[in-house]
1. Filtering segment 20-34 down to residues that are surrounded by fewer than 22 Cβ atoms within 10 Å (Cβ to Cβ) and among the polar types (S, T, N, Q), which residue is farthest from Glu5 (Cα to Cα)?
2. Inspect all residues belonging to segment 37-44 and state whether any of them is under 27 Å from Ser132 (Cα atoms) and among the hydroxyl-bearing types (Ser, Thr, Tyr).
3. What's the number of the condition Glu238 fails, among (1) under 21 Å from Pro160 (Cα atoms); (2) surrounded by 14 or more Cβ atoms within 10 Å (Cβ to Cβ); (3) modelled with pLDDT under 95?
4. Which of (1) in a loop (DSSP other than H, G, I, E, B); (2) modelled with pLDDT under 90; (3) hydrophobic (A, V, I, L, M, F, W, C) does Ile173 not meet, given it meets every other one?
5. Of everything in segment 11-57, what is over 22 Å from Ile205 (Cβ atoms) and among the basic types (Lys, Arg)? Give them in sequence order.
6. Which members of segment 147-171 meet the condition of being touching a residue at least 24 places away in the same chain (Cβ under 8 Å) and over 20 Å from Ala101 (Cα atoms)?
7. When residues of segment 85-120 are filtered for being under 11 Å from Glu143 (Cα atoms) and of a type in the set (S, T, N, Q), how many remain?
8. Report whether or not Glu138 is out of contact with any Cys (no Cβ under 6 Å at 6 or more places or on another chain), acidic (Asp, Glu) and closer than 21 Å to Lys110 by Cα.
Amino acid sequence: MLRLENISWSTPDGVGVLKNLDLTVPDNKLIVITGPNGGGKTTLAKIIAGIYKQDSGKIFLNDTDITGYDITERAKLGISFAFQQPVRFKGITVRKLIELAAGTKLPLNKICDYMSKVGLCAEEYIDREVNSTLSGGEIKRIEIATVLARHSVLTVFDEPEAGIDLWSFTNLIKTFESIRNSLNGSIVIISHQERILNIADEIAIVANGTIKAQGKPDEMMKLLSENNAVSGKCYKQEAMF
């Protein structure tokens, strides 16, 4: 379980982004963090991963205080972070990338297993370079395969739907649904896409630097709809704000 207590963070010029934020991520659950743009979602994700260091507050992973741990130390404990735009590696094949994530050489059948879980045929991709020849949807699913190979206890995805087409997005949802049904670790997804919200075990709403509410999807979706109606904003299928 991940627990954040009284987390605050400000930009270098003193603008407060997170303000005494508390968040709990239970074991083996898929949590989606949503909220208006500029509310602090991506900052929160990077603080969890250790990319940013909070100004104050504590972070615990399974009762271990990891507040002072950097991104490398947190990765060793099993915390993974997937960027909005995954890094491409010229000269590195998909096979090599997955083996690097696993930390060991892998038999072909094991690599095929990881690839099939993200909806890709290993024979078509295993020897391809992780470069610009891959589409946005392909590179994101390969990144998820590397996450599976790491056996992370907690994985954070920052707006995984960014920059991919509708077909790839549909397949991305299927991938997350498959992972959700066989979770061996927790997943945090930063998103405002309704279809991603609908597969969550819990939704946390972040606005103005703090958690405004956290609970079951039906309760949180109702709250989001009511807030949109009050503010006069349109409720769209794929965009909550």
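The values are calculated or read from the model by the stated rules, or taken from the named source; none is laboratory data. Everything quoted here is computed from the prediction, not taken from an experiment. So basically every Cβ, Gly included, is an ideal-geometry build from the backbone, and we count neighbours across all protein chains shown.
1. Asn28
2. yes
3. (2)
4. Here Ile173 meets the rest and fails (1).
5. Lys53
6. At the first step, the residues of segment 147-171 found to be touching a residue at least 24 places away in the same chain (Cβ under 8 Å) are 147-165, 167-169, 171.
Glu159, Glu161, Ala162, Gly163, Ile164, Asp165, Trp167, Ser168, Phe169, Asn171 - these are the residues of segment 147-171 that are touching a residue at least 24 places away in the same chain (Cβ under 8 Å) and over 20 Å from Ala101 (Cα atoms).
7. 1
8. In short, yes.
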